[in-house]
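Colleague: The structure that follows is given in the form of structure tokens.
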Amino acid sequence: MVAPWPVVSAPSTLTMQAARLLEPPLARSGRQAEEMLRALQLERRHAKDEILSIYLTLAPYGGNLEGVRAAALAWFGKEPSR
């Protein structure tokens, strides 16, 4: 059965997304409060450019591609720096 109202989830920051990507898939269950706590821990331990690097390394880019380097090589046949 489809809900008669749209399902809305709260937006997450890039740091929260990086924190989510660092967790094993089985541990993920939509617990946004825990994600926020992990994001705060990341913010305290890492600089913004390090958090961006974590995200770019782990983010899915379609199919079984993870990380911007794998995506750039698969889609364009070039290193991301090019």
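Colleague: Lys and Arg at +1, Asp and Glu at -1: add these up for the other residues within a Cβ distance under 12 Å of Tyr55 and post the number.
Modeller: Net charge in that neighbourhood comes out at -1.
Colleague: From the protein chains alone at 1.4 Å, what is the descending order of accessible area for Met36, Met16, largest first?
Modeller: Met36, Met16
Colleague: Any idea how far apart Leu73 and His46 come out in nm if each label point goes 7 Å out from Cα toward Cβ?
Modeller: If labels sit at Leu73 and His46, their model points lie 2.1 nm apart.
Colleague: If I take R0 = 41 Å and measure r between the Cβ atoms of Thr13 and Ser81 in this structure, what FRET efficiency does the formula 1/(1 + (r/R0)^6) give, to the nearest 0.05?
Modeller: Taking R0 as 41 Å, the efficiency between Thr13 and Ser81 is 0.95.
The values are calculated or read from the model by the stated rules, or taken from the named source; none is laboratory data. Quantities reported herein were computed from a predicted structural model and do not represent experimental measurements. When we count neighbours, we look across all protein chains shown, and the Cβ atoms used for this are built from the backbone with ideal geometry, even at glycine. Heavy atoms of the whole protein, side chains included, go into the accessibility calculation; ligands, DNA and RNA do not. Shrake-Rupley method; radii C 1.70, N 1.55, O 1.52, S 1.80 Å.
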